[in-house]
Each structure stands twice: as C-alpha cells, then as structure tokens.
Amino acid sequence: MTMLNAAEQFKILTENTAEIITEEEFRKKLEKSVAENKPLRCKLGIDPSAPDLHLGHAVVLHKLRQFQELGHHIIIILGDFTGMVGDPTGRSETRKQLTTEEVMANARTYQEQIFNILNPDESELVFNSQWLAKLNFADVIKLASTLTVARMMEREDFTRRYHEKAPISIHEFFYPLMQGYDSIAIKADIEFGATEQKFNLLMGRHLQREYGQEPQVAFTMPILVGLDGAQKMSKSLGNYIGITEKPEEIYGKVMSLADKLMTEYYNLGTALSSAEIKKILNQVEKGNLHPRDAKMRLAREIVTLYHGSKAALEAEKQFKLVFQKKEMPEVMPSHEYSGSVPLVVLLAETGMASSKSEARRLIQQRGVKINGETAGAIDADLDQRGEFVIQVGKRKFARIVIK
C-alpha cells in the first residue's frame, strides 16, 4: 500500500500525546518506513487483570487505530504470563496474583472489547506466555543481569513502599523485565502506554539495546480524568464510562460532565479530527454554540464509536425525553416478582445497583425513587400488588410488577 509521507504522518500521530521518547527517533523510523514501504511494528501490552474497558483505557487504543489507518502493523500482547504477576505500577502493596483461569477469562472479554476500536483483520493478537514460559532459569538470570537494583528502585512506587517499610516481593522486580522482554520477542518499533507506564516502556528500550536490537520509541498517552473532574477514570472510583455500557448510559454520563472537561473528552474520547474539534470549541468560545449543544455532540460522537450512529440518536432522543421534558423514557426494563421483595434485593437483582451494599448506599443518599417518590428506608419492601416505576439516579429506570 502507498503510505502518506513521513512529515504528514508525524503531524497526525504526534497529536494528543503526553510524551514521545524520542521524537527524533520516531521521525527517522517513519522516514525509513515510508522509504522501504514497510509498516512499523506497534506494540501495546495489556494485562487482563480486570474484565472491562472504559474510556480511559480507550485513549491509547484510538492512537493505535490512527497508526493502523496509516498502514502500520498493530500487535496487541495480552499478558497472560505477566498478568499472573501483576503490574506494581501505582501500587502501595503487592498485587494479588491471579490464577490462570482468571487471567484467561478476562483476556477473552478484552479481545471482544478491543476490537470495538481496532480493526481485527489488521491486528495481531498474541499471548506473552508464548515466549516467557519458554525461558529457562539461565535465560532469566541473563535478563536480570542487565539491570541494577538501584535502577529498579527509581520507580516511585517501589521507593515509596521501601521508605514506608511496606513489603516488596522479589517477583515484582521481574514484571518490568518481562514486559520489556516482550518488546524483544516481537521486535517492536513503537510501544504505547499511559504516562504512569513510562518506566516499563523505557525498560523495553533498555533491554532491546542489551539484546542488540534498535530501541523502540515510547509513546505515552495522557490519562483521562474521570467524571468527577478530579481523579483519573477508574471503575473502582465509580467515575468511569464503560465502552460496553448501554448507549443511553454512556450518553447520560457524558452529559453529566462539567463544561470545562469538554476539550479533554473531545480530544481523547472521540475520533474527530483536531481541526473539527477546534472548530466546535471555537464556536462555543465565541458564543455561537451553546455548551449544552456542544456536549450533546460530544455524547453522540462517543456513543457512535461504540454502538453506532443509530443508537446514538436514540440515546439522545431518550435523554431529551427524560431530562429536558422531565418525562419517563418510553422503553425501560420490566421485571416481575411474586409477593413481597426487599428494595435492596430488587435493586441488586435488576442491575440497578451493582450490589446490595451499593443499593443501601443509594437509598441512604436519597438516590432511589418509587413512582416519583424518594425511597427513605433501607429496609423498605415492595409488598403491594401492582406496577411500580423504580428510578435510580437520573438515568436508570425499571418497571416492576408485583403479583
């Protein structure tokens, strides 16, 4: 295939990145790639330690998609081997090791979700057990001999734990070595990760030099702030937008964003060109476009990425119906019960709360309504025959029939 010239590719691919180590090396790799009509080998390593991806994870995947659309070869390494150790990045304690069964179950879910963004026909997906499991003890000693303890202790998380006298297991030191060895195994030209992964990405460069390969270029991507506008997007913090969530849920969450976050979400969460984004934001700044309308465009773009344009338009219709016209949605899930059912149990069983403990918290925070009336008692039961509409927060509705 005929590639864009190196200068045009460089301009496109360096947009919305945090750091490129180094830009000059990247420019030279692009020039060589175009001259030889040979795609760059672009690596992303993912440890399947949790089964669901959110928009924060998707930032780097969209950058990979840009490389893919420009003709470069994408290699996704699912860390079934490294995942059983666990990345110590950002940890205050040793991460619990996952079983093989847990890792593989998460890996299957990751594969399904990754290809919501990447083209599966133009991506290579491999497991790092293919090469890491074959290393013998002499190979491991050789690998470990390339790095000093002092260099390993440059990691902020290890240093903090050391000074706090928190345990650091020896096997955790091997995690960045194993991830770096992945780059040797696939002869990576580029590796991608979030800014917090910088140490691991640089390890790949270091080990490639030690093993006689040209070092990869490290691309670090910005960390997307969560819905709270304060901390990074995280499922554990509850400030996330999952890429497999229902269209109306994604749409509603985007509309709940503070206006000041629109620029970040447009740049990191959509597939729009930088020119189109700049045009939209300039219209808002000049007063020619209401921030609400710009946010609705943002919500449509994000829903479209994961569910298609038809679903995005339907989600917008439901949002307008519920929030602008103050009406209930036309369609909502329906559940039937025979006899009395505790409200806490009902919320958990219908998926309106992720657990009974979350259901209790929602009720305590006055976030649950029954037929428009706020539910006040945690131990409340639905014990009368009839039909009830349960609302949780602003976006979740369900019709409950008690027989």
Run down E112, E172, E191 and say which single residue is buried (at least 19 other Cβ atoms within 10 Å of the Cβ), acidic (D, E), in the same structural domain as T82 (by TED's automatic domain parsing) and part of a helix (DSSP H, G or I).
E172
Matching entry among A133, A185 (being exposed (fewer than 13 other Cβ atoms within 10 Å of the Cβ), farther than 20 Å from L61 by Cα and of a type in the set (A, V, I, L, M, F, W, C))
A133
Restricting to the range 345-403, name every residue that is part of a strand (DSSP E or B) and of a type in the set (K, R).
K369, K396, R399
E25 being in contact with a strand residue (DSSP E or B) (Cβ under 9 Å, 6 or more places away or on another chain), in a helix (DSSP H, G or I) and modelled with pLDDT of 95 or more:
yes
Those residues that are part of a helix (DSSP H, G or I) and not polar (S, T, N, Q), I need them from the range 145-169; list them, please.
V149, A150, R151, M152, E156, D157, F158, R160, R161, Y162, H163
Give the residue that is modelled with the highest pLDDT, with candidates limited to residues of the range 200-236 that are farther than 19 Å from L40 by Cβ and in a strand (DSSP E or B).
V225
Exclusive hit being over 26 Å from I390 (Cβ atoms) and modelled with pLDDT of 85 or more, set H307, H290
H290
Residues that are surrounded by 20 or more Cβ atoms within 10 Å (Cβ to Cβ) and touching a residue at least 60 places away in the same chain (Cβ under 8 Å): list the helices (runs of 4 or more DSSP H) wholly contained in the range 257-319 that include at least 1 such residues.
262-269, 291-307, 309-319
Given the criterion among the basic types (K, R) and either modelled with pLDDT of 85 or more or touching an Asp or Glu at 6+ places or on another chain (Cβ under 8 Å) (or both), identify the matching residue among K43, K96.
K43
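The values are calculated or read from the model by the stated rules, or taken from the named source; none is laboratory data. Not measured: the values here are computed from a predicted model. All Cβ positions, even for glycine, are placed from backbone atoms using ideal geometry, and neighbour counts span all protein chains on display.
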